[in-house]
Amino acid sequence: MTAYFRRSLFPLLTPMSVDQTHPFPLLQSHGIYLLVVLLNPESGVTRRVYFRVPAVKPRLLPVTPLQFLPVEQLVVAHLPLVCEGMTILRWYAFRVTRNTKLEVDDTLFGESDNLLDYVWEEVHRRRSAPATRLEVTSTMPMADVARLAAELALDATDVYTLPGPLLGLADCMSMAFAPVPHLQHPPHEPVTPPRFRGLEDKLIADPGRIFSVIRKADVLVQYPAHSFTGSALLFLRAAARDPRVRVIKQVLYRGGSHSPLVSSLIRAAKSGKEVTVLVELKASFDEVQNSEYARRLQRAGCNVSYGLVGLKTHCKTMVVVREEEAGGLRAYVNVATGNFNPTTAKLYTDMALFTCAPAIAADVLDLFNALTGYSRKRSYRRLLVAPVSMLDRVVALIAAEAAHARAGRPARIIAQINGLTEPEIIRHLYAASQAGVIIDLIIRGPCRLRPGLPGRSENIRVFSWVGRFLQHRRVFYFSAGGSDSYFISSADWRSRNLNDRIEVATPVDDPRIKRKLRKALHFFLNDRLHTWQLASDGRYYLLKAPLATVGPSPVNGDAVASPAAADTSGGGDAALAGGFARPPLRFEEHAPPSLGGGSSYAPPGDALEGFDDEDDDDDDDDDEDELAAVEGGSWRVPVAALARGGAGRAAVADYVRNNAAQEPPGRTTAGGSAGLAGLVAMAAGSALAPASLGGDTSL
């Protein structure tokens with residue numbers, strides 16, 4: 001460890017003392033600092049010295065395969081090498097948070113002002129932004145806390161005393177890779193979408209081949225099951241190389257560091273193609289990266305704009321205009337639910353639709369004209385565009401379902417989104433529930449709707465699904481009188497998305513892609529390994545796996561499902577409105593007061609039943625593998641468990657059912673006492689405990 005300190009930490013340390021000639025240092029936001037009190041043994045003078053702990057990764061250094069040491073403890077153990085001849089009396093860790101959020105009111109800009117220059121200056125100015133929070137450990141004396149707070153112009157309400165170390169979940173990431181196989185997910189490597197396989201090899205000889213694939217039929221890509229490199233990046237690289245491509249347009253919101261898309265756009269511009277890129281400079285905490293991309297693209301000859309005044313451009317759209325072999329121009333578009341970012345595409349579940357449907361392509365071109373030019377376009381052929389029309393269109397679709405229900409026709413709404421806060425949509429969902437519409441909402445984040453309220457929302461259920469990957473895609477389903485309308489979107493049903501951002505939702509017309517979306521939604525309505533459900537009391541309850549639907553199929557093809565008899569405690573017949581059955585609910589401990597759903601509970605059935613009835617030789621996508629990889633992965637069941645129960649599906653299902661729900665006390669409902677402390681306690685119980693070199697016991 002000493003060798004590591006000398007090599008990787010010592011060159012990064014800068015002691016900052018405070019006295020008549022050394023003013024109080026500028027403490028960077030979110031950094032971990034040490035306050036060290038030193039004694040000069042010769043003069044008897046003490047000094048306070050501040051150190052910024054180097055922001056190295058990992059924060060927890062592996063001492064042994066199952067023991068980890070916080071970086072700050074390693075620094076403290078070697079302070080005599082930095083402060084030679086001094087006696088260390090005491091030391092404490094603390095952290096400062098500053099108001100680093102960049103607020104840009106571009107409505108105040110004049111026509112001659114440059115938003116790029118303003119953002120570039122502001123992101124560097126926020127290093128010295130006002131402090132808003134001070135986090136200290138419980139061992140720091142109040143006198144030192146008060147002195148720190150005074151130097152930072154904070155009062156007592158801005159000081160947070162933590163009983164333990166200044167650790168967050170992100171700091172514990174290295175523990176996830178400890179050699180404990182039965183606690184780890186099996187490795188996952190994205191694959192090239194089946195329709196795009198082999199095109200990488202033809203990229204140089206025949207870069208236009210990918211466009212002929214899209215002309216044949218629309219392509220839906222599901223991340224992270226599918227490779228971003230083998231889909232979105234392949235599409236752009238092919239466009240950059242194809243001599244028949246005339247125009248490329250793209251929105252860049254969060255491209256990530258060292259984005260290969262930017263390199264492809266620059267290559268296309270240098271090869272003579274007209275490249276237009278809308279770079280969103282106001283993407284929170286990506287302002288520096290996006291500013292650098294904007295400058296690079298401009299230097300390469302791309303047309304770069306920064307969106308519309310007063311709005312963030314959050315839509316994920318890309319369009320390529322190509323001169324076809326048969327003559328004439330055709331536009332090919334990629335409309336996605338998530339960012340064009342190769343890193344997050346491996347961690348977030350998102351979707352992307354590749355199509356050359358004339359109406360959708362024309363809408364995307366019209367949208368870019370509005371973003372880069374000067375337009376008051378208020379209507380689009382097929383796209384739902386915020387803030388122009390999306391809110392009104394979604395409200396109209398909800399109202400149409402209510403009308404179907406009142407007329408006695410099947411009425412169904414399913415939405416998978418990240419948040420629901422828009423009051424207008426909530427009011428119409430309540431009204432639709434009262435009309436008899438069956439509504440299921442799969443919401444990862446905030447939800448201001450309360451399900452299960454008698455006479456108001458008893459036909460609404462709200463789920464939050466937490467698994468291996470971050471749920472990020474947005475999918476809307478409306479039964480539409482039996483015609484089944486599907487949309488994928490960049491927008492949540494939140495006020496900020498629908499009113500303050502440029503967003504896009506695109507309809508899905510291809511029957512095969514509709515079946516894919518139907519399978520994915522059906523998965524979430526049946527899965528009980530990762531599902532929390534919001535009750536009428538405003539709390540989330542962890543659901544128990546039903547007997548007949550234990551989890552997704554593992555990658556090796558052995559289905560994790562139990563042949564046991566179905567539990568019919570929910571009562572009622574299967575509610576098959578729109579083809580979606582509702583399984584009964586089972587709970588870890590006590591049932592919540594009300595979860596909604598009315599009398600629509602149904603016996604659990606096969607989550608994929610009815611989807612593979614049609615024999616379609618052209619559909620070469622393996623949907624079950626996609627669901628297994630994206631939605632839940634597979635359970636690693638010890639060989640001993642199989643030996644005890646006999647090899648086969650029943651033994652696997654029994655193991656999962658008996659072991660998946662063994663939660664520590666206080667973790668049945670969200671908001672309980674279990675948090676990082678519980679995580680550390682569980683880790684310690686598994687020998688994944690932090691090592692210690694002494695010093696402040698709070699670390």
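The values are calculated or read from the model by the stated rules, or taken from the named source; none is laboratory data. As the structure is a prediction and not an experimental result, all values here were calculated from the model. Cβ coordinates were reconstructed from backbone atoms using ideal geometry, including for glycine residues, and neighbour counts include every protein chain displayed.
Some observations on this one:
- Which listed residue, of 213, 251, is under 20 Å from residue 315 (Cα atoms) and either part of a loop (DSSP other than H, G, I, E, B) or not basic (Lys, Arg) (or both): 251
- The range 384-411, residues that are farther than 30 Å from residue 316 by Cβ and in contact with an Asp or Glu (Cβ under 6 Å, 6 or more places away or on another chain): 411
- Contacts under 7 angstrom Cβ, first residue in the range 495-514 being more than 28 Å from residue 281 (Cα to Cα) and not assigned by TED's automatic domain parsing to the domain that holds residue 309, partner among the basic types (Lys, Arg) and modelled with pLDDT of 95 or more, 6 or more apart: 507/382; 508/514
- Among (1) of a type outside the set (A, V, I, L, M); (2) surrounded by 14 or more Cβ atoms within 10 Å (Cβ to Cβ); (3) outside any loop (DSSP other than H, G, I, E, B) - the single one residue 25 does not satisfy: (3)
- Strands (runs of 3 or more DSSP E) fully within the range 40-124 counting 1 or more residues that are modelled with pLDDT of 90 or more and small (Gly, Ala, Ser): 87-98
- Counted residues, the range 510-562 - those being over 26 Å from the mean Cα position of the chain (by Cα), acidic (Asp, Glu) and either modelled with pLDDT of 50 or more or part of a strand (DSSP E or B) (or both): 2
- Residue in the range 324-352 that is surrounded by the fewest Cβ atoms within 10 Å (Cβ to Cβ), counting only those that are among the charged types (D, E, K, R) and in contact with a strand residue (DSSP E or B) (Cβ under 6 Å, 6 or more places away or on another chain): 324
- Matching residues, the range 155-194, being of a type in the set (D, E, K, R) and either out of contact with any strand residue (DSSP E or B) (no Cβ under 7 Å at 6 or more places or on another chain) or outside the structural domain of residue 66 (by TED's automatic domain parsing) (or both): 155, 189
- Residues located in the range 269-327, provided they are assigned to a helix (DSSP H, G or I) and of a type in the set (Val, Ile, Thr): 288
- Of the criteria (1) surrounded by 14 or more Cβ atoms within 10 Å (Cβ to Cβ); (2) under 25 Å from the mean Cα position of the chain (by Cα), which one residue 154 fails: (2)
- Evaluated against (1) over 25 Å from residue 335 (Cα atoms); (2) buried (at least 19 other Cβ atoms within 10 Å of the Cβ); (3) among the basic types (Lys, Arg), residue 195 falls short on exactly one condition, (1).
- Restricting attention to the range 433-449, the residues that are closer than 22 Å to residue 403 by Cα and not small (Gly, Ala, Ser) add up to 7.
- The range 355-375 residues that are crowded, with 16+ Cβ neighbours inside 10 Å, paired with ones that are part of a helix (DSSP H, G or I) (beta carbon under 7 Å, 6 or more apart): 355/214; 356/214; 356/215
- Number of positions in the range 125-145 that are more than 17 Å from residue 28 (Cβ to Cβ) and surrounded by 15 or more Cβ atoms within 10 Å (Cβ to Cβ): 5
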